[in-house]
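See below for the structure under consideration.
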Amino acid sequence: MRQISFHNGKQLSPGKIIGLGRNYLDHIRELGNAVPERAVIFCKPQSSLLADGGTIILPEFADECHYELELAVLIGKAGKKIIAQHALDYVAGYAVALDLTLRDLQSELKEKGLPWDIAKGFDTSCPLSSFVPADQIADPNNLNLLLKINGEVRQQGNTAQMMRSVEEIIAEISIYFTLEPGDIILTGTPAGVARINSGDLLEGTIEQVGSLKVSVA
Ligand code: MG
């Protein structure tokens, strides 16, 4: 997936993919993590992207791959040290994403104080729907999220539960990295994460934004 698309079929080359960890309190608690003072930020490579309808390939170097349903934010305009009040001016669209995570490998790396990249960035670890233009979303900080696996509800939340709003996330990330058109931000996941297995069908939905369907090989 070298192009990302909008609902109207318009296509765009993806830039960097930036993930935010620990942004929903109930998810922080379920993993026994501390509430971060500084945002927990990581990157996934472009080669991790998987289009809607695609197939997740579980890598052989880990045993436990978890789903994380997240609101994805597409940057449409370059910015550095963006002020939160103006941050939504930099957003081109929103999509449904999964931040797939090799939890056993991530735990091992975290214990050693090592970077998590290989637990977060494997091929197909970033399923992504098409984007809805930003002007069609009245409030990105009040959207219901729902993930079903094999028809059963597994994650349910609202972006109002985020500890950092979309505006605050953009402002904070842009302190560290210049944001550029095509960059994609994953805004964190609510509680309910668990492993996926071969043959599973994942269906993520975000109110007003759309849906994403992928299966596991
Ligand atoms: Mg995540």
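The values are calculated or read from the model by the stated rules, or taken from the named source; none is laboratory data. Source: prediction; values computed, not measured. Quick reminder, even Gly has a Cβ in these numbers, built from the backbone with ideal geometry, and neighbours come from all protein chains shown. What goes into the accessible areas is simple: the full protein's heavy atoms, side chains included, and nothing from ligands, DNA or RNA. Shrake-Rupley method; radii C 1.70, N 1.55, O 1.52, S 1.80 Å.
Given +1 on the Cβ of Lys and Arg, -1 on the Cβ of Asp and Glu, and no further charges, what dipole in debye does the stretch 93-217 carry about its Cα centre, rounded to the nearest 20?
Details: 9 positive and 17 negative charges, 85 e Å.
Taking the Cα centre of the stretch 93-217 as origin, the dipole is about 400 debye.
Restricting attention to the alpha-carbon atoms of the stretch 1-60, what are Rg (one decimal) and Dmax (integer), both in Å?
15.4, 41
Per 10 Å bin, what percent of the C-alpha pairs of the stretch 121-217 does each bin hold, from zero upward?
13, 42, 35, 10, 0
Residues with amide H under 5 Å of residue 131's amide H, sequence separation 5 or more or different chain, H placed in the peptide plane at 1.01 Å from N; which?
Long-range HN contacts for residue 131: 5, 6, 7.
If you add up the charges near residue 143, with Lys and Arg at +1 and Asp and Glu at -1, over every other residue whose beta carbon is less than 12 angstrom from its beta carbon, what do you get?
Details: positive: none; negative: 70, 139, 207.
With Lys, Arg at +1 and Asp, Glu at -1, the net is -3.
In debye, nearest 20, what is the charge dipole magnitude of the chain about its Cα centre with +1 on Lys and Arg Cβ and -1 on Asp and Glu Cβ, if you could check? Before the final figure, lay out each step's value.
Working: 19 positive and 27 negative charges, 79 e Å.
With Lys and Arg at +1 and Asp and Glu at -1, about 380 debye.
For the stretch 208-217, what does the Karplus curve 6.51 cos²θ - 1.76 cosθ + 1.60, with θ = phi - 60°, yield as ³J(HN,Hα) per residue in whole Hz, taken in order and with x for Gly and Pro?
3J(HN,Hα) across the stretch 208-217, in whole Hz: 6, 8, x, 9, 9, 10, 9, 10, 9, 4.
Hey, could you pull the Cα Rg and Dmax for the chain, both in Å?
That works out to 15.8, 45 Å for Rg and Dmax.
Output the pairs from 81/110; 81/148; 44/213; 80/213; 10/77 with a Cα-Cα distance over 27 Å in this structure; if there are none, say none.
Numbers: 81/110 29 Å; 81/148 37 Å; 44/213 20 Å; 80/213 34 Å; 10/77 17 Å.
In this structure, 81/110; 81/148; 80/213 lie more than 27 Å apart at Cα.
Leaving out ligands, DNA and RNA, and with a 1.4 Å probe, what % of the accessible surface on the chain is carbon or sulfur?
In the chain, the share of accessible area belonging to carbon and sulfur is 48 percent.
Using Stokes-Einstein with the Kirkwood hydrodynamic radius over Cα pairs, what translational diffusion coefficient do you get for the stretch 41-116 at 25 °C and a viscosity of 0.890 mPa s, in µm²/s rounded to a whole number? Mind dumping the intermediate values first?
On the way: Rh = 15.1 Å.
Here the translational diffusion coefficient equals 163 µm²/s.
Considering amide H positions built from the backbone, and no H for Pro or chain starts, which residues 5 or more places from residue 24, or on another chain, come under 5 Å of its amide H?
163, 189
I'd like to know which of 86, 142, 98 lies farthest towards the positive end of the charge dipole of the stretch 4-216, counting +1 on Cβ of Lys and Arg and -1 on Cβ of Asp and Glu.
Of the listed residues, the answer is 86.
With a 1.4 Å probe and every protein chain left in place, work out the accessible area per residue of the chain in Å², rounded to a whole number.
On the way: 9420 Å² over 217 residues.
Ligands and nucleic acids excluded, the figure is 43 Å² per residue.
Order these peptides, 166-176, 74-84, by their mean beta-carbon neighbour count within 10 angstrom, highest first.
Working: 166-176: 19.7, 74-84: 17.0.
In decreasing order of mean packing, 166-176, 74-84 become 166-176, 74-84.
Take the chain, connect every pair of alpha-carbon atoms lying under 10 Å apart with a spring to form a Gaussian network, then pick out the residue of 42, 177, 131 with the largest mean-square fluctuation.
Sorting by GNM fluctuation, first place goes to 177.
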